[in-house]
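Everything below concerns the one structure shown next.
Every number in this text was worked out from the coordinates using simple rules, so none of it is lab data. Only a predicted model underlies this, so the values are computations on that prediction, with no experimental measurement involved. Here Cβ is always computed from backbone atoms with ideal geometry, including for glycine, and neighbour counts include all displayed protein chains.
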Amino acid sequence: MADWQIIDSHCHLDFPVFDAIRQQLVQSAQAAGVSHFVIPAVTYKDFQRVIDTASLYPHVSFALGLHPCFMQEHQLSDLEKLAEYIESQPVCAVGEIGLDFYLEGFDSVAQISLLKAQLKIAKEHQLPVLLHVRKAHDIMLKMLREMSFDEGGIVHAFSGSAVQAERYIQMGFKLGFGGVVTYPRANKIRHLAKTLPLNSIVLETDSPDMRLYGRQGEPNQPKYIVDVLKEVAGLRPESIETIAAITTANARRLLKLDGS
Ligand SMILES: [Zn+2]
């Protein structure tokens, strides 16, 4: 067994690309020290698949939400269905939801209105959120503030500035770090991983996406979170065990995950 227990706070274990290898993938991640997995949903049609995947293994939690990169797939009625699912399923968060102003041809009005409705659902159910944010941190922060959103959450694959990070932290958010830190040229993200307070950081893989440096040719998978952990440890003064323990405790507390 590994010397640590890590939570992969963001992995799409339900994606069909893993169908043939899911069991093996979970086992090899557990052997590497991954003790818990969090699966966020991206569209309504995936909700049941996410729930079914999570039910197959112990220590897998899930979130449900409508992702900003799939605006063409969302229907207005999906919001109602999301609220129903959230009332009847043991979700750990609403997600992944957010704003993506990096996408070609993005519709900011539609994204903002979808996000607002989902933040409202999260607030009503006192649930944290798993946020996907690209090129829209200031607008996101403004929306969270205007809605007095105080359930917190994780800004997954954080890509903002130190000032934006500080604002999220003040609002009770954790910042997710994944494969990007393994790229030698990712100076900005590596600097944040080095300097942010450890109690504001969580680790993730975003499997099968966000492939690691040197592993660009294969789908990402949860066991590679150990490489992310090692990379972060190489940048920081704390020991690798401390970084694993604190980032795991951060995710556990925020998402109210069970203790094993
Ligand atoms: Zn994701």
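Would you pick out the residues in the range 65-98 that are acidic (Asp, Glu) and within 21 Å of Arg253 (Cβ to Cβ)? Please lay out each step first, then the result.
To start, the set of residues in the range 65-98 that are acidic (Asp, Glu) comprises 73, 78, 80, 84, 87, 96.
Once the filter is applied, which keeps residues that are acidic (Asp, Glu) and within 21 Å of Arg253 (Cβ to Cβ), the range 65-98 yields only Glu96.
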Practice task
Could you pull out the residue among Leu127, Leu131 that is under 19 Å from Phe37 (Cα atoms), buried (at least 21 other Cβ atoms within 10 Å of the Cβ) and more than 16 Å from the ligand (Cβ to nearest atom)?
Solution key: Leu127
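Yes or no, residue by residue, for (1) within 17 Å of Arg134 (Cβ to Cβ); (2) free of Cβ contacts under 8 Å to residues at least 40 places away in the same chain; (3) surrounded by fewer than 24 Cβ atoms within 10 Å (Cβ to Cβ):
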position: Arg185; (1), (2), (3): no, yes, yes
position: Ile189; (1), (2), (3): yes, yes, yes
position: Leu196; (1), (2), (3): no, yes, yes
position: Ser200; (1), (2), (3): no, no, yes
position: Ser207; (1), (2), (3): no, no, no
position: Tyr213; (1), (2), (3): no, yes, yes
position: Val228; (1), (2), (3): no, no, no
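Within the bounds of the range 42-50, is there any residue that is assigned to a loop (DSSP other than H, G, I, E, B), buried (at least 20 other Cβ atoms within 10 Å of the Cβ) and within 16 Å of the ligand (Cβ to nearest atom)?
Start the filter on the range 42-50 by keeping residues that are assigned to a loop (DSSP other than H, G, I, E, B), which leaves 42-43.
Next cut, buried (at least 20 other Cβ atoms within 10 Å of the Cβ) only: 42.
With within 16 Å of the ligand (Cβ to nearest atom) added as a condition, the list becomes 42.
Yes, some residue in the range 42-50 is assigned to a loop (DSSP other than H, G, I, E, B), buried (at least 20 other Cβ atoms within 10 Å of the Cβ) and within 16 Å of the ligand (Cβ to nearest atom).
Would you mind finding the one in Asp3, Asp8 that is closer than 26 Å to Ala245 by Cα, among the charged types (D, E, K, R) and within 15 Å of the chain's Cα centre (by Cα)? Give the derivation first.
Numbers: Asp3 fails: within 15 Å of the chain's Cα centre (by Cα).
Every option except Asp8 fails the conditions.
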Exercise for the section: Would you be able to tell me the number of residues in the range 139-171 that are outside any helix (DSSP H, G or I), away from the ligand (no atom under 16 Å from the Cβ) and either among the hydrophobic types (A, V, I, L, M, F, W, C) or free of Cβ contacts under 8 Å to residues at least 40 places away in the same chain (or both)? Expected result: 8
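A quick yes/no check of all residues on (1) on the phi > 0 side of the Ramachandran plot; (2) in contact with a helix residue (DSSP H, G or I) (Cβ under 9 Å, 6 or more places away or on another chain); (3) without any contact (Cβ under 8 Å) to a residue 12 or more places away in the chain:
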| position | (1), (2), (3) |
| --- | --- |
| Ile7 | no, yes, no |
| His10 | no, no, no |
| Phe18 | no, yes, no |
| Gln27 | no, no, yes |
| Phe37 | no, yes, no |
| Asp46 | no, no, no |
| Val50 | no, no, no |
